[in-house]
1. Which ones in region 42-75 are buried (at least 17 other Cβ atoms within 10 Å of the Cβ), at pLDDT 95 or above and within 16 Å of residue 139 (Cβ to Cβ)?
2. Could you tell me whether region 67-79 includes any residue that is under 19 Å from residue 163 (Cβ atoms) and touching a strand residue (DSSP E or B) at 6+ places or on another chain (Cβ under 8 Å)?
3. Given the conditions (1) modelled with pLDDT of 95 or more; (2) more than 20 Å from residue 75 (Cβ to Cβ), report the number of the one that residue 176 does not fulfil.
4. Residues that are modelled with pLDDT of 95 or more, in contact with a strand residue (DSSP E or B) (Cβ under 7 Å, 6 or more places away or on another chain), part of a loop (DSSP other than H, G, I, E, B) and crowded, with 21+ Cβ neighbours inside 10 Å: does region 89-111 have at least one?
């Protein structure tokens, strides 16, 4: 699906193959950079407690999205129970039904960092090389397209606006 300037994405349709469908993830989110933080702007499968817990992420956070923000590289956590840096986030992840995750930066082809795509799995999961390469390719294409859609608009302003809309429009935003 191609969005045009000013259009908003429709509610997520689980039958459509998106990043989560690429490798069987049950949950996921997209975060955009808002200054020095990441904010969730799109999500699928999560309930409010998870979204509130991970509402804003910084490069100092040890969760996969914080590490991907800091390194600008894909971060895989096949099992949150064995990843020491993930210890402070385990309760929130367990409550959401997540056991493994992978976060891939939204980097343009010119290496401009826009945010992250995170996919979450109900079971321990180590993505295959093909899965990792596929999501990386999708992420570059999405980042290039997003940058084009932004035009002269500030990424920070757009990220904050989209995140606020996600958290305010509970009826449309909480995608189960």
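The values are calculated or read from the model by the stated rules, or taken from the named source; none is laboratory data. The model shown is predicted, which means the values in this text are computed figures rather than measured ones. Note: ideal-geometry Cβ built from the backbone for every residue, glycine included; neighbour counts use all protein chains shown.
1. 64, 65, 67, 68, 69, 74, 75 - these are the residues of region 42-75 that are buried (at least 17 other Cβ atoms within 10 Å of the Cβ), at pLDDT 95 or above and within 16 Å of residue 139 (Cβ to Cβ).
2. yes
3. (1)
4. Yes, there is a match, as at least one residue in region 89-111 is modelled with pLDDT of 95 or more, in contact with a strand residue (DSSP E or B) (Cβ under 7 Å, 6 or more places away or on another chain), part of a loop (DSSP other than H, G, I, E, B) and crowded, with 21+ Cβ neighbours inside 10 Å.
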